[in-house]
Amino acid sequence: MPTLLIVHHTPSPNCQALFEAVVSGATTPEIEGVRVVRRAALSATACDVLEADGYLLGTPANLGYMSGALKHFFDQIYYPCLDETRGRPFGFYVHGGNDVTGAVRAVETVTTGLGWRRAAEPVTVTGDPGKADTQACWELGATVAAGLMPGA
C-alpha cells in the first residue's frame, strides 16, 4: 500500500488549522489504498522518508525562513535519502504573519536538491487562515494523496 508521509511543524493554532485541513484532505474517504503517516518535524526520521512514496510538508515562516524544526528534518534525512527518493511527489504549505517568500524558497531549494517532484502548487497563507486557505490545504492533501492511489 502506498504511503504518504506528512511532516509538519505546528507551533500555533493557525498552523494547526492548516495541518488539520491537509490531513482531512489526505484521508478523505474518496482516497483509497493510501496509508497516511503523520510525523512532527523533530521526530521524523530517514526511515520514515524511505518507507514513504510521497510527502506533504508544513512549516511556519520564521524570520524569513522555514522553521528550524523542518530545517532539522531536512538536515537529518538529506544524505540518507538523496538517491533513494528521487522523483517522489511532494507538496507543502507555509504559514506566516506577513511574508512567506523566504520559507517557500528554502523548501523549494532543498526539495529540488533531493530531486523530489512537486505534485501540487504550494499553499501559502499569511495572517489568520480563512475558509479559502483551509480549503486550499484540504485540496493539497487530497491531490497529493490521490496521486499515490494504486492505478493513479
**Message:** Every residue in segment 65-85 that is of a type in the set (A, V, I, L, M), closer than 15 Å to ARG105 by Cβ and not in a helix (DSSP H, G or I), please.
**Reply:** MET66
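Tell me the residue from ASP75, ASP83, ASP128, ASP53 that is touching a Ser or Thr at 6+ places or on another chain (Cβ under 7 Å) and surrounded by fewer than 18 Cβ atoms within 10 Å (Cβ to Cβ), please.
On the way: ASP75 fails: touching a Ser or Thr at 6+ places or on another chain (Cβ under 7 Å); ASP83 fails: touching a Ser or Thr at 6+ places or on another chain (Cβ under 7 Å); ASP128 fails: touching a Ser or Thr at 6+ places or on another chain (Cβ under 7 Å).
Result of the check over ASP75, ASP83, ASP128, ASP53: ASP53.
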**Prompt:** In segment 101-152, which residues are touching a residue at least 60 places away in the same chain (Cβ under 8 Å), within 12 Å of the chain's Cα centre (by Cα) and assigned to a strand (DSSP E or B)?
**Reply:** VAL123
**Fill in**
Taking segment 2-36 and the residues there that are loosely packed, with under 15 Cβ neighbours inside 10 Å and either small (Gly, Ala, Ser) or in contact with a Leu (Cβ under 6 Å, 6 or more places away or on another chain) (or both), the one that is farthest from THR126 (Cα to Cα) would be GLY33
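Is it the case, given these coordinates, that TYR55 is of a type outside the set (Asp, Glu), touching a Cys at 6+ places or on another chain (Cβ under 7 Å) and within 20 Å of VAL23 (Cα to Cα)?
Against the criterion (of a type outside the set (Asp, Glu), touching a Cys at 6+ places or on another chain (Cβ under 7 Å) and within 20 Å of VAL23 (Cα to Cα)), TYR55 does not qualify.
Here, each number is a calculation from the coordinates, and none is a lab measurement. Bear in mind the structure is a predicted one, so any value in this text is a computation, not a measurement. Cβ: placed from backbone, ideal geometry, glycine included. Neighbour counts: every protein chain shown.
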